[in-house]
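The numbers here are math on the coordinates, done by the rules we state, and not lab data. Just so it is clear, the structure is predicted and the values come from calculations on it, not from any experiment. Reconstructed Cβ throughout: ideal geometry from the backbone, glycine too, with neighbour counts over all protein chains shown.
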Amino acid sequence: MSRRYDSRTTIFSPEGRLYQVEYAMEAIGNAGSAIGILSKDGVVLVGEKKVTSKLLQTSTSTEKMYKIDDHVACAVAGIMSDANILINTARVQAQRYTYAYQEPMPVEQLVQSLCDTKQGYTQFGGLRPFGVSFLFAGWDKNFGFQLYMSDPSGNYGGWKAAAIGANNQAAQSMLKQDYKDDITREEAVQLALKVLSKTMDSTSLTSDKLELAEVFSSPSGNVKYQVCSPETLTKLLVKFGVTQPAAEAT
Amino acid sequence: MECVFGLVGNGFTIVVADTSAVHSILVHKSNEDKIMKLDSHKFIAASGEPGDRVQFTEYIQKNVALYQFRNGIPLTTAAAANFMRGELATALRKNPYSVNVLLAGYDKETGPSLYYIDYIATLHKVDKGAFGYGAYFSLSMMDRHYHSGMSVDEAIDLVDKCIVEIKSRLVVAPPNFVIKIVDKDGAREYAWRESVKDAHAPPS
């Protein structure tokens, strides 16, 4: 391994690799996982929380899910402080677009714009890349509901179902097996919780270890981003059989 | 005196502009096209300082094209109008463009539309609008005869009425006009109304 070439982000190794970018992805591989699933009537994002405590103010703070604009939200995996910077950048880019065009920014353009920022940190400035991967969930009038995944290199892709963070390869292959194109939003929630429960390290799933958010159309026709409350999440976990009901736990 | 006006009909928008290029007392040419095609379904009819007019409209046209190349989808008429207004507003307190614009467009989802954007970045979505001294006459004529959902023939009839008013009542009235139309099939030239054709030198 050519360790001499990995301390500066802006140079290639002799094998043609960017080590700093790869190390950033390593960092994300140790972080809490997140799964996104695209359905006909919405996008589902589920995240594994690493910081669990009854003292956490769950109504006002989220660890994994963030709203970028009224029609776009994201799930993060990786270094949280890096994520905050990028989320703010994405929010500014979305508003700047709306300021110029008086229309919501198309989801892919937002993702592309943020990825262009990330790419800059792999080519110039001598600064390290961001240690964050994102799952973007959004809706626009051109392509309806969409799911995008992006990584520290600044690459992104549109996905029907995707996983980032710890055990993402196992999660991804499980998703590949069980995803079907005409999946409904409720089925997508079920699939996401099922896959996450299998790939998470902990023995039992409880609502304080997870975050669930959905981007969907409300009955009035507007796009809504909603984070599931812990109570509703507990009920869902029991309903889909991925957690032990309180009475059975010994 | 430059005359630009336009109106929205049933599934189409029409814009009309005079075609004189004037400098002081001299008419350089009387077939100058002041209605620029922005993309397949949009026109900008612009009046004002000739240098600024071309500079600004071409700048907008190229930015609209760039958006389409980058993103694979065209801008809506409303988005293009707001973008234009933003550019005029940004330049206003530094290096203003002396250009007034009527943006005519057709969107599949929302149908035909017309936007009035003046040189100090006022933006209005309108059914009929006009710039220049000719506006005194064309706007009054349209106020009298316009109704929503006009057919192409009715609209052209109204346009001709406006042109007659301008030619007969404006002291230095432009002799020639060009009429362009945007509808679901795209943006295209409809007709010219010419009183004066460029004279050719006799063969020697």
In whole Å, largest first, what are the principal axis extents of the Cα atoms in the protein assembly as shown?
104, 55, 39
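Rounded to the nearest 500, what is the protein assembly as shown's calculated 222 nm mean residue ellipticity when only DSSP H runs of at least 4 contribute -39500 (n - 2.57) each, over all residues?
The per-residue figure over the protein assembly as shown is -11000 deg cm²/dmol.
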Whole-number D in µm² s⁻¹ for the stretch A:136-250, Kirkwood Cα-pair radius fed into Stokes-Einstein, 37 °C, 0.692 mPa s
209
What is the Cα convex hull volume of the stretch A:104-201 when expressed per residue in Å³?
107
With a Förster radius of 22 Å, plug the Cβ-Cβ distance of residue A:222 and residue A:60 into 1/(1 + (r/R0)^6) and report the FRET value to the nearest 0.05.
0.45
Report the dimensions of the stretch A:125-174 along its three principal axes from the alpha-carbon atoms, largest first, rounded to Å.
39, 29, 11
Among A:159, B:192, A:139, rank each residue by its count of other Cβ atoms within 10 Å, from fewest to most, as a rough exposure measure.
B:192, A:159, A:139
For labels at residue B:172 and residue B:54 in the simple 7 Å Cα→Cβ model, what's the distance in nm?
2.0
Where only C-alpha atoms are counted, convex hull volume of the stretch A:52-167 per residue in Å³:
125
Calculated diffusion of the stretch B:96-204, Stokes-Einstein form, Kirkwood radius summed over Cα pairs, 20 °C and 1.002 mPa s, µm²/s:
135
How compact is chain B by the rule of thumb for globular proteins, expressed as Cα Rg over 2.2 N^0.38 Å?
1.01
Work out which helices of chain B, taken as complete DSSP H runs, extend at least 18 Å along their axis over the Cα atoms and score a mean Kyte-Doolittle of 0.0 or more, then list them.
B:77-92, B:152-169
Specify the inter-centroid distance of the stretch A:16-88 and the stretch A:111-133, based on alpha-carbon positions, in whole Å.
16
Those residues of the stretch A:157-198 whose amide nitrogen sits under 17 Å from the label point placed on residue A:52, 7 Å along Cα→Cβ:
A:166-167, A:193-198
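Whats the longest run of chain B with zero trypsin sites (Lys or Arg not before Pro) that are DSSP loop and have at most 11 other Cβ atoms within 10 Å? It would help to have the intermediate numbers written out before the result.
Details: sites that count: B:93, B:94, B:108, B:197.
That gives B:1-92 as the longest site-free run.
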Taking the Cα-to-Cβ direction at residue B:197 and at residue B:151 and moving 7 Å from each Cα, how far apart do the two end points lie in nm?
3.1
Can you list the residues of the stretch B:42-60 with backbone N under 16 Å from a point 7 Å past the Cα of residue B:122, pointing along Cα to Cβ?
B:47-48
Once phi is turned into θ = phi - 60°, what whole-Hz ³J(HN,Hα) does the Karplus curve with 6.51, -1.76 and 1.60 give for every residue of the stretch B:170-180, x standing for Gly and Pro?
8, 4, 10, 6, x, x, 10, 9, 10, 10, 10
Scattering curve values for the stretch B:124-166, log₁₀ I(q)/I(0), Debye with Cα scatterers, q = 0.14, 0.15, 0.17, 0.18 Å⁻¹
-0.29, -0.33, -0.43, -0.48
Run through the stretch A:39-127 and list the chymotrypsin sites (Phe, Trp or Tyr not before Pro) located in a DSSP loop whose Cβ has at most 15 other Cβ atoms within 10 Å.
A:124
quick shape note, the stretch B:92-157: Cα extents on principal axes in Å, largest first -> 44, 33, 14
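Where Rh is the Kirkwood radius over the Cα pairs of chain A, the temperature 10 °C and the viscosity 1.306 mPa s, what D in µm²/s does Stokes-Einstein return?
85
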HN-Hα couplings for the stretch A:87-104 via Karplus (6.51, -1.76, 1.60; θ = phi - 60°), in whole Hz with x for Gly/Pro, come out as 4, 4, 4, 4, 4, 5, 4, 5, 5, 4, 4, 5, 5, 6, 10, 6, 9, x
Using C-alpha positions alone, give me the convex hull volume of the stretch B:29-110 per residue in cubic angstrom.
97
